[in-house]
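So the structure is just underneath, and the comments pick up after that.
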Amino acid sequence: MTEKQRERIFVVDDDDGVRQGLKALLTVEGYDVQTFDSAETFLAAVDPKPPGWLLLDVRMPGMSGLDLQQHLKRLGSRLAIVIITGHGDVPMAVAALKAGAVDFIEKPFDKENILGAIEAARQHTGTATTPALDRAAVVSAVDRLTPREREVMELVVAGHANKVIAHRLNIALRTVEIHRARVMEKTGARNLSELVRMAILIEAPAEPESRGSDRSNLPLA
């Protein structure tokens, strides 16, 4: 039995196509995969306390992904959660990350998105913690942003599309795209999920020894 086969991966999504696609992909990669069409059927069938992975759709009929996440936390679950979000659900993904989710991926996603999220977090199996970011390094990177880039970053991590950001800031769509690219470059964020986690890290209270040097205060919507 391989290391991957010893790791449980549960997929909870009300979209049959998503469930079957993820099961096929992850099974080929060597993971032990079970799928469920709702939070309720998952809870009825699975003991959530042993470690493993949960790919969880944030928006479902009945118990939502966020509701399930909170329920699992109360049960003392050791499942590490990767949130699956649709268009416009980034604010819900932010709430999930704040509550302890490891990562999130946006629909439509591809093979690299899925495997990258799982592989990056496999080292943390058995915990519900997000892979660590260096707070001082993040603060330093965000401090290098221009005021306009900071505005764009705030709106991006709040879940707004580029067109909405352009309208809110009264600037051209192409200008938003340029600012967004510069934000990603200056912060070193590899994707939207990592940028959101950086913003959450900055929002959190600094440790006493670092408060004097923390000049950033990036609010999240």
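What number of residues in region 172-191 are at pLDDT below 85 and surrounded by 15 or more Cβ atoms within 10 Å (Cβ to Cβ)?
Qualifying residue count for the region: 1.
Just name the residue that is modelled with the highest pLDDT out of those in region 126-145 that are assigned to a loop (DSSP other than H, G, I, E, B) and surrounded by 18 or more Cβ atoms within 10 Å (Cβ to Cβ). Walk me through how you get there before you give the answer.
Applying the first criterion (assigned to a loop (DSSP other than H, G, I, E, B)) to region 126-145 yields 126-134, 144-145.
Now narrow it down to the ones that are surrounded by 18 or more Cβ atoms within 10 Å (Cβ to Cβ): 128, 130, 145.
Values: Ala128: 40, Thr130: 46, Leu145: 95.
It comes out as Leu145.
With a cut-off of at least 1 residues that are over 25 Å from Leu201 (Cβ atoms) and of a type in the set (A, V, I, L, M), name the strands (runs of 3 or more DSSP E) lying wholly within region 1-106.
On the way: elements: 8-12, 32-36, 52-57, 79-85, 103-106.
Output list reads 8-12, 32-36.
Only residues in region 156-167 that are of a type outside the set (A, V, I, L, M) count as the first member; pair them with residues that are in a loop (DSSP other than H, G, I, E, B) and buried (at least 17 other Cβ atoms within 10 Å of the Cβ), Cβ under 9 angstrom, at least 6 apart or cross-chain, and list the lot.
If the second residue must be in a loop (DSSP other than H, G, I, E, B) and buried (at least 17 other Cβ atoms within 10 Å of the Cβ), the pairs left are Gly159/Asp89.
Might you check whether a residue that is closer than 20 Å to Ile105 by Cβ, surrounded by fewer than 19 Cβ atoms within 10 Å (Cβ to Cβ) and assigned by TED's automatic domain parsing to the domain that holds Leu97 occurs anywhere in region 44-60?
Looking only at region 44-60, we keep the residues that are closer than 20 Å to Ile105 by Cβ, and these are 52-60.
Next, from what is left, pick out any that are surrounded by fewer than 19 Cβ atoms within 10 Å (Cβ to Cβ): 59.
The next check asks that each one be assigned by TED's automatic domain parsing to the domain that holds Leu97; those that pass are 59.
Yes: one or more hits.
The values are calculated or read from the model by the stated rules, or taken from the named source; none is laboratory data. Please read all numbers here as calculations on a predicted model, not as lab measurements. Because the Cβ atoms are built from the backbone with ideal geometry, glycine has one as well, and the counts that use them run over all protein chains shown.
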